[in-house]
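The values are calculated or read from the model by the stated rules, or taken from the named source; none is laboratory data. Keep in mind it's a predicted model, so treat the numbers as computed, not measured. Here Cβ is always computed from backbone atoms with ideal geometry, including for glycine, and neighbour counts include all displayed protein chains. Protein only, heavy atoms only, side chains kept; ligands, DNA and RNA dropped before computing areas. Shrake-Rupley method; radii C 1.70, N 1.55, O 1.52, S 1.80 Å.
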Amino acid sequence: MKRAAIILFTTFSSFVILDSSKVANHDTNYSRLDSLRGMITPERAWWDLTYYHLAITVDPNTKSLMGTNRVDYKVLSENQVIQIDLQAPLVMESAEQNGVDLELKKEGPAHFITLKEKQEIGNVNSLIIKYSGQPVVAENAPWDGGITWTKDNNGNDFVASSCQGLGASVWWPCKDHMYDEVDSMLMSITVPKHLMDVSNGRLRGVDKNKNGTNTYHWFVNNPINNYGVNINVGDYVHFNEIYDGEKGPLTMDYYVLRDNLKKAKQQFKDGPRTMEALEHWFGPYPFYEDGYKLVEAPYLGMEHQSSVTYGNGYQNGYRGTDLSGTGWGLKWDYIIIHETGHEWFANNITYKDMADMWVHEGFTSYSEGLFTEYFYGKEAGAEYIRGLRAGISNTEPIIADYGVNAHGSGDMYPKGANLLHTLRQVVNDDQKWREILRGLNETFYHQTVTTQQIEGYISQNCGRDLQYVFDQYLRGSSLPVLEYVLKENNVLYRWSGVVEGFNLPIRAYVNSTEVWIEPTTSWQGTSFASPDSFKVDPNFYVTVLDVMGS
Ligand SMILES: [Zn+2]
């Protein structure tokens, strides 16, 4: 998702309205419906998704969807009740297995389906869900998602889905929990014949139907998360190129509204630039088999897997502004770089529970700095990341409550990026740091993860236990304060406002000489002849306080 928190810079009140229901708040009373949405319930836990075939008709005239989803799954343990989610006002009309109609019991979006055939462990079974209706209309896509029904400048329908957080069950019936990704998926999307559907993966073919519609068959040959699945229906034109990447030739296909072809051919040059920079830092693009696409959408943008949606107005920056305030953010198109960055952190490495959403947004915000560094130099990238600090509030934890589909503070974007930038200083070896970033993508390739796995990997590979550092930045809300005082031939320092055991080493300069210090919460000193200045490397995201001077 692009950052909701960005709205902080422009219309703070709308951010609060949009996200207040989901911002981590430990006073929140969660309901049973929150748990049915956010937990791995017993009716989800016993089966493993293997395949979806979503076959639907999109009717812009009636703003409705209708069709079926075939759900294939492997039985892991004994159970006869399966949970499939679909949000009102869409209606699940029926569920059948091997031609036999099954009983549905509905509780909010959760539909509990009692299976008649005995579910034998190890078997792969199939279920066909039929549904129809007018789905939730997106009020403010992509944050407040659903389906966007709009028109282009020529009066053609322009339709798109977006559903991170809200959940894919807002527009199609599925196992709406992030922990279990389907292994592959076919999407057969029927649209009026003057329009085109662009979805994930590769176009297998188009059926021309007798009733004035066409059906586009898109196949995704890799695991995909729920909110990554999307439809985009419009009067698209197409251009493409082949990128010579780390794993060989990568198809890059671009679908834009007819009137925007010329602008897109210019602006989308940031596509291969992003691929070059991020393959360097993160390793090969994770979905060569499915190709890469940029698809124009009627909202700002979203990291839909292998079909990144774009609505940044063919301009640099974030809607023309630089989130870092340094000028570097105007050198490139925020939506192309950020949403493409998510192919590694969101689509390749995916959170199991939305509470750990920083794994998507922290790393991807950080990728903006890495892109800047790759093309404009190391200091430019660092300036960009430091500049993002203006958007950090340090008032709520980044990690939210588990099992209730909640996400933490919008700080997960800029503070997550600054945490990673700080850890790079600790590693103090650019080659090793790059190996850690690439190693994450290799180790957790096509997996859903917990933050503990990511934290553990970084600790292990930088050779230092960073648990307390992660606790401070991700689970607490306040910034560590490094207090210091210059006293005779000593520099004295200590941490305050930190979790017990906090052990971030710091690169500082005493009279311009580099020193590494390992402060604790007790005063310690480093002797130095006539220290008259003490400066912490600004790349460490901490508060520095001259106790005598304050
Ligand atoms: Zn994002």
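Figures for the structure shown
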quantity	calculated
Gyration tensor verdict on the range 136-239 (Cα atoms; rounded if a/c is under 1.5, prolate if a/b is larger than b/c, oblate otherwise)	oblate
Nonlocal amide H pairs with Val182, under 5 Å, H built at 1.01 Å	Ile224
The range 102-116 - phi-based ³J(HN,Hα) in whole Hz, Karplus 6.51/-1.76/1.60, Gly and Pro as x	10, 7, 10, 10, 9, 9, x, x, 7, 10, 9, 10, 8, 8, 7
Sum of -39500 (n - 2.57) over DSSP H runs of 4+, divided by residues of the chain (222 nm, nearest 500)	-6500 deg cm²/dmol
Under-5 Å amide H pairs with Val449, H placed in peptide plane, nonlocal only	Thr350, Tyr351, Lys352
Semi-axis lengths, Å, the chain, gyration tensor of Cα atoms, sqrt of 5 times eigenvalues	44, 27, 20
Efficiency of FRET between His194 and Thr450 - r from beta-carbon atoms, R0 30 angstrom, step 0.05	0.05
Span-like helix ranges in the chain, DSSP H, alpha carbon extent 27 angstrom or more, Kyte mean at least -1.0	none
Shape category assigned to the range 382-484 from the gyration tensor of Cα positions, a/c cut at 1.5	oblate
Rg over Rh, two decimals, the range 147-202 (C-alpha only, Kirkwood Rh)	1.01
Per-peptide average of other Cβ atoms within 10 Å, ordering 127-136, 486-495, 298-307 highest first	298-307, 127-136, 486-495
Across Lys151/Lys265; Lys63/Lys105; Lys269/Lys331; Lys263/Lys293, pairs whose alpha-carbon gap is larger than 19 Å	Lys151/Lys265; Lys63/Lys105
The chain, relative contact order [Cα under 8 Å, separation at least 6], %	12 percent
Per-residue HN-Hα couplings for the range 224-229 [Karplus 6.51, -1.76, 1.60; θ = phi - 60°; Hz; x = Gly/Pro]	9, 7, 4, 6, x, 6
Estimated translational D of the range 286-345 in µm²/s (Stokes, Kirkwood radius over Cα pairs; 25 °C; 0.890 mPa s)	208 µm²/s
Integer Hz, Karplus 6.51/-1.76/1.60 couplings in order for the range 468-475, x for Gly and Pro	6, 5, 4, 4, 4, 7, 9, 9
Ranked packing of 359-368, 220-229, 56-65, most packed first, by mean Cβ within 10 Å	359-368, 220-229, 56-65
Packing-based ranking, highest mean first, of 348-355, 175-182 given that Cβ atoms within 10 Å are counted	348-355, 175-182
Efficiency of FRET from Cβ geometry, Ser35 and Val124, R₀ 35 Å, rounded to 0.05	0.80
Three-way shape label, the range 213-315, alpha-carbon gyration tensor, a/c 1.5	oblate
Percent carbon-and-sulfur accessible area, the range 176-315, ignoring ligands, DNA and RNA, probe 1.4 Å	49 percent
Heavy-atom accessible surface of the range 84-137: percent carbon and sulfur, 1.4 Å	52 percent
Within-12-Å neighbourhood charge of Tyr351 [Cβ basis; K, R +1; D, E -1]	-3
Accessible area (Å², per residue) of the chain, counting only protein heavy atoms and a probe of 1.4 Å	37 Å²
Long-range amide H partners of Leu323 with built H, under 5 Å	Tyr318
Over the range 38-194, equivalent-ellipsoid semi-axes from the Cα gyration tensor in Å	30, 16, 14
